[in-house]
Amino acid sequence: MNETEFSDLADDLMLVIEEALDDCGVDIDYETSAGVMTLTIEADGSKVIISRQPAMSQIWVAAKSGGYHFNFDGASWQCSTTGETLPELLSRVCGEQAGEAVDLNF
């Protein structure tokens with residue numbers, strides 16, 4: 001994948017994550033700046049950071065539980081260490097940090 005294709009995929013991804021956060025029913029605020037999305041879990045003020053890594057065509061997620069790298073397999077973003085899809089992992093880490101179930105569907 002070239003950098004333009006990655007940028008288009010990442011732009012679309014950030015938009016669907018925003019929509020999923022708006023629809024999830026849990027108080028999670030988000031802010032995007034310079035390709036980095038910061039999620040703030042209102043229950044405890046903790047953060048989840050989602051960033052683009054264009055040189056590697058990856059999406060990186062940083063949460064209390066650790067750092068995760070995602071590759072696009074043509075259909076979905078897959079974590080290189082856990083095998084989870086990005087929606088699965090974000091639902092899990094946001095839920096762990098919020099202390100309640102989070103279901104992000106995108």
For region 22-43, does any single residue satisfy the condition of being loosely packed, with under 11 Cβ neighbours inside 10 Å, free of Cβ contacts under 8 Å to residues at least 60 places away in the same chain and among the hydroxyl-bearing types (Ser, Thr, Tyr)?
yes
Of those in region 77-97 that are touching a strand residue (DSSP E or B) at 6+ places or on another chain (Cβ under 8 Å) and under 17 Å from residue 18 (Cα atoms), the residue surrounded by the most Cβ atoms within 10 Å (Cβ to Cβ) is 90
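Okay, residues lined up against (1) in a helix (DSSP H, G or I); (2) hydroxyl-bearing (Ser, Thr, Tyr); (3) at pLDDT below 95; (4) within 15 Å of the chain's Cα centre (by Cα):
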site	(1), (2), (3), (4)
1	no, no, yes, no
8	yes, no, no, no
15	yes, no, no, yes
19	yes, no, no, yes
25	no, no, yes, no
50	no, no, no, yes
70	no, no, no, yes
78	no, no, no, yes
91	yes, yes, no, yes
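Taking region 27-48, which residues are of a type in the set (A, V, I, L, M) and either under 11 Å from the mean Cα position of the chain (by Cα) or in a helix (DSSP H, G or I) (or both)? So that I can check it myself, show each step before the final result.
Taking region 27-48 first, the residues of a type in the set (A, V, I, L, M) are 28, 34, 36-37, 39, 41, 43, 48.
Selection gives 36, 37, 39, 48.
Taking the stated definitions as given, is residue 64 modelled with pLDDT of 95 or more and either on the phi > 0 side of the Ramachandran plot or more than 13 Å from the chain's Cα centre (by Cα) (or both)? Step through it out loud before you land on a result.
Numbers: modelled with pLDDT of 95 or more: yes; either on the phi > 0 side of the Ramachandran plot or more than 13 Å from the chain's Cα centre (by Cα) (or both): yes.
Yes; evaluated as a whole, the condition is true for this residue.
The values are calculated or read from the model by the stated rules, or taken from the named source; none is laboratory data. On a predicted model such as this, the values are computed, not experimentally measured, just so you know. Methodologically, a virtual Cβ is constructed for each residue, glycine included, from the backbone with ideal geometry; neighbour enumeration extends over all protein chains shown.
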